[in-house]
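What follows is one structure encoded as structure tokens, with my remarks underneath.
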Amino acid sequence: MSILRKMKKLILNSRVRKAFQGRSRGLALIEVLIAIALFGVISIAFLSALSTASTVLIIADERATAESLARSQMEYVKNQPKSETYEPSIPPGYEQAGYSANITTGDVPSRAGLQKITIIIDRHGEELITLVGYKLFL
């Protein structure tokens with residue numbers, strides 16, 4: 001390459017650099033503040049979404065636990081002899097976590113030998129799930 005070509009390349013590079021660089025050599029205070037504000041808004045939105053997802057996960061876990069307890073109580077009642085009232089048999093871990101069960105029964109008038117069982121699971125007084133089943137007596 002000739003020296004002339006190298007000089008033209010060098011001049012072109014410096015012109016391109018100046019076009020992108022502009023007249024200022026550093027960032028203005030306003031530009032820095034705008035960048036910080038944008039970062040803050042994006043961070044708040046992200047953390048808010050993370051908090052909501054965490055809350056939803058806790059609620060879903062609580063309801064899944066309540067459903068598991070309700071199903072186990074239904075199986076317990078179905079394996080008991082016929083009675084007008086059934087006492088819940090809640091494992092200690094569920095009781096320590098604040099879960100409780102309410103079991104109500106009633107005969108189905110249109111069908112003899114069929115008993116309707118309703119199980120309501122609550123935690124700290126808040127109803128989480130209601131499970132209805134039927135028990136057949138021959």
**Asked** Can you pull out the residues in the range 110-128 that are within 22 Å of D61 (Cβ to Cβ), surrounded by fewer than 16 Cβ atoms within 10 Å (Cβ to Cβ) and in contact with a strand residue (DSSP E or B) (Cβ under 7 Å, 6 or more places away or on another chain)?
**Response** E127
**Complete:** For the range 69-82, pairs from a residue that is without any contact (Cβ under 8 Å) to a residue 24 or more places away in the chain to a residue that is surrounded by 11 or more Cβ atoms within 10 Å (Cβ to Cβ) and not in a helix (DSSP H, G or I), with Cβ under 7 Å and 6 or more apart or across chains, are Y76/S89; Q80/Y86
**Options A66, A45, A28, A35; residue that is of a type in the set (G, A, S), within 22 Å of E127 (Cβ to Cβ) and modelled with pLDDT of 60 or more** = A66
**Asked** Is there a residue being exposed (fewer than 10 other Cβ atoms within 10 Å of the Cβ), more than 25 Å from the chain's Cα centre (by Cα), under 27 Å from F137 (Cα atoms) and of a type outside the set (A, V, I, L, M, F, W, C) anywhere in the range 86-109?
**Response** yes
**Message:** Please verify whether I59 is under 17 Å from the mean Cα position of the chain (by Cα), at pLDDT below 95 and among the β-branched types (V, I, T), treating the condition exactly as stated.
**Reply:** yes
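The values are calculated or read from the model by the stated rules, or taken from the named source; none is laboratory data. Please read all numbers here as calculations on a predicted model, not as lab measurements. Cβ: placed from backbone, ideal geometry, glycine included. Neighbour counts: every protein chain shown.
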